[in-house]
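Asks: First the structure, then my questions, so here it is.
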Amino acid sequence: MYNTNHDGRALAPFETSILLVEDEAPIRVLMGHILNAAGYRVHMATDGYDALRKLADIGSIDLLITDLAMPGMTGVQVVRHALEILPGLRVIYATGSQDCFPETRVDITCLTKPFTPAELLNAVVAALNAAPHAVPTSPAESS
């Protein structure tokens with residue numbers, strides 16, 4: 001199966017743009033290196049606010065990988081804002097906790113740290129090949 005962007009257009013790995021949001025520099029650098037070595041274009045952000053600035057500058061990405069627990073803005077909040085800008089964006093959460101936070105969505109992959117390079121790359125391929133995500137709605141908006 002081919003990777004596709006949020007519009008459904010097929011992408012080669014070197015055309016796939018990933019925004020990686022991780023507040024711990026060693027983890028961010030290592031994950032960025034793994035993804036770059038696999039042929040992905042990686043944009044790195046140090047926190048949620050930096051991620052939203054980068055997203056505004058970049059204009060479009062195919063996948064958002066974000067840590068869940070970060071100072072200032074959680075990964076869940078980053079995803080909510082990103083999906084408003086890019087509906088259909090694919091998402092992966094990364095967390096040091098054994099369980100994803102209760103407010104995370106079951107349709108979004110959650111990687112538990114530490115994970116292997118193969119687990120990261122397999123999650124990226126699976127997320128890129130999954131159905132696009134929609135902006136979460138509150139119960140009041142659904143009725």
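Asks: Going residue by residue through the range 23-36, is there one that turns out to be more than 22 Å from Thr112 (Cα to Cα) and either of a type in the set (D, E, K, R) or modelled with pLDDT of 90 or more (or both)?
Replies: no
Asks: Could you count how many residues in the range 71-95 are in a loop (DSSP other than H, G, I, E, B), crowded, with 17+ Cβ neighbours inside 10 Å and under 14 Å from the mean Cα position of the chain (by Cα)?
Replies: So the answer is 3.
Asks: Additional query: Please go through the range 13-62 and pick out each residue that is among the small types (Gly, Ala, Ser), surrounded by fewer than 14 Cβ atoms within 10 Å (Cβ to Cβ) and under 20 Å from Pro87 (Cβ atoms).
Replies: Ala56, Gly59, Ser60
Asks: Could you tell me whether the range 100-110 includes any residue that is of a type in the set (Ser, Thr, Tyr), at pLDDT 90 or above and surrounded by 15 or more Cβ atoms within 10 Å (Cβ to Cβ)?
Replies: No, the range 100-110 contains no residue that is of a type in the set (Ser, Thr, Tyr), at pLDDT 90 or above and surrounded by 15 or more Cβ atoms within 10 Å (Cβ to Cβ).
The values are calculated or read from the model by the stated rules, or taken from the named source; none is laboratory data. The shown structure was predicted, so the numbers you read here are calculated from the model rather than taken from an experiment. Virtual Cβ from ideal backbone geometry, glycine too; neighbours counted across all protein chains shown.
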